[in-house]
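Novice: Handing you this structure, nothing more for now.
What follows draws every value from the coordinates through simple rules; no lab data is involved. All figures in this text were calculated on a predicted structure; none of them were measured in a lab. Backbone-built Cβ (ideal geometry, glycine too); neighbour counts: all protein chains shown.
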Amino acid sequence: MDITSALLIVLGLALFESITSIDNAIINAETLQTMQPKARRWFLTWGILIAVFLVRGVLPWLIVWVMAPGVGPWEALTASLTGDPAALKAIQESSPVLLMGGGVFFIFLFCHWIFLEPKKIGLPVEVLIARQGAWFYAVVSVFLTAIVWFTLKESPMLAFGAVVGSTAFFIVHGFKRYAEEQEARILSGDVHMTDIGKVLYLEVIDLTFSIDGVVGAFAFTLSVPLILLGNGIGAIVVRQLTFYGVDRIKKYVYLKNGAMYSVFVLGCVMLAHGFGVHVEEWITPVATFLIVGYFFLKSRWHARKAGSSPG
């Protein structure tokens, strides 16, 4: 991998991590408003180390290590840097199962957003699909059944990966729903938590939201050091967005749309990889930049038209 490709991947990872964590930044900012200055400073400084190294660093490394039998923990981390052919081969051979699970996870995530979640309408098709919200569970169930049917012809492990992806989606979605309900109760005063409790709560929420970015990172690259670097930069950006202010973040009303369409593209890329279809590495970051760029500009145009500036 040349330096240009590595740089493009890192920038794409950082952008994807940032936009998929917009909701996380909003929850952080709103909860921090209820905390004392000392606790806020601790979360915005030491919390970065936890977010970058313990979550976005350990999790992708652990996934690669578990999914590549015969590869030790150190080889899983350094394979792409040292060029160890045995380790790289083992990781490449095991990657279809991981990518299949990630692809199903992201397709489910996109479908849930476009069918059920409240949203600022960015494209006309979103209105049509949102009106058919009751079909979400039917669509994802039929989709999973079809994926399992086709993957069983290739490998039972691919089918298992697809099922794990769907299981991961519903587990993560359940935690996110709980986080949103807890945030509402904290802001309303129904739940009384100490500042330490709120910091721990925000760290758990950060872990839950980081799963999207970590899973999506494998659509960009299987190199753990690049994932650590790109997602780490994205995590720092999320902390800065938290500090920047929730009101300003919310003025970029179409960024969530950009994040979800990026999720859909990444899900398709991961499914293609899972079925053995080669996709050039540059396609994923370039697609992310184009999609997010379009909805970013659309957000700025909307803000100016409404007579406010996103800053």
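Novice: Can you tell which of 254, 201, 178 shows the greatest fluctuation in a Gaussian network model of the chain with Cα springs below 10 Å?
Specialist: Of 254, 201, 178, the Gaussian network model singles out 178 as fluctuating most.
Novice: Treating the angle as unsigned and between 0 and 90°, give the value, to the nearest 10°, between the Cα long axis of helix 136-154 and the longest Cα principal axis of the chain.
Specialist: Relative to the chain, helix 136-154 is tipped by roughly 20 degrees.
Novice: Given +1 on the Cβ of Lys and Arg, -1 on the Cβ of Asp and Glu, and no further charges, what dipole in debye does the chain carry about its Cα centre, rounded to the nearest 20?
Specialist: 1080 debye
Novice: Further question on the same structure: Mind counting lysine pairs for me in the chain? Cα separation below 25 Å, and the two need to be 8 or more apart along the chain or on different chains.
Specialist: Counting lysine pairs in the chain gives 25.
Novice: To continue, here is another question. Cα gyration tensor of segment 194-254, axes a ≥ b ≥ c as square roots of the eigenvalues: rounded (a/c below 1.5), prolate (a/b > b/c) or oblate?
Specialist: oblate
Novice: Separate question: Given the peptides 164-175, 104-115, 185-196, 58-69, arrange them by the average over their residues of other C-beta atoms within 10 Å, most packed first.
Specialist: Packing order, densest peptide first, comes out as 104-115, 58-69, 164-175, 185-196.
Novice: What does the extension gain come out to for residue 34 and residue 7, with contour length at 0.36 nm per residue minus their alpha carbon separation?
Specialist: 5.9 nm
Novice: Just 76, 90, 138 to compare: in a GNM of the chain, with alpha carbon springs under 10 Å, which one fluctuates most?
Specialist: Ranking 76, 90, 138 by mean-square fluctuation puts 138 first.
Novice: Compute the label zone of residue 275 within segment 161-196: residues whose backbone N is under 17 Å from the point 7 Å along Cα-to-Cβ.
Specialist: From segment 161-196, the list is 161-163.
Novice: While we're on this one: What residue among 208, 284, 78 has the largest mean-square fluctuation in a Gaussian network model of the chain, using Cα springs under 10 Å?
Specialist: Comparing 208, 284, 78 in the GNM, the peak value goes to 78.
Novice: Another question, then. Helix 22-32: angle to the longest alpha-carbon principal axis of the chain, degrees 0 to 90, nearest 10?
Specialist: Its long axis makes an angle of about 40 degrees.
Novice: Cα axis of helix 85-116 to longest principal axis of the chain: angle in degrees, 0 to 90, nearest 10?
Specialist: Relative to the chain, helix 85-116 is tipped by roughly 40 degrees.
Novice: Right, another one. State the answer as a single residue: which of 134, 161, 268 lies farthest towards the positive end of the charge dipole of the chain, with beta carbon charges of +1 for Lys and Arg and -1 for Asp and Glu, about the Cα centre.
Specialist: Farthest towards the positive end: 134.
Novice: Mind sorting out which of (1) 19.5, 59; (2) 21.4, 69; (3) 19.0, 64 is the real Rg and Dmax of the Cα atoms in Å computed from the coordinates?
Specialist: (1)
Novice: How much length would be gained if the chain were fully extended between residue 250 and residue 286, taking 0.36 nm per residue of separation minus their Cα-Cα distance, in nm to one decimal?
Specialist: 10.4 nm
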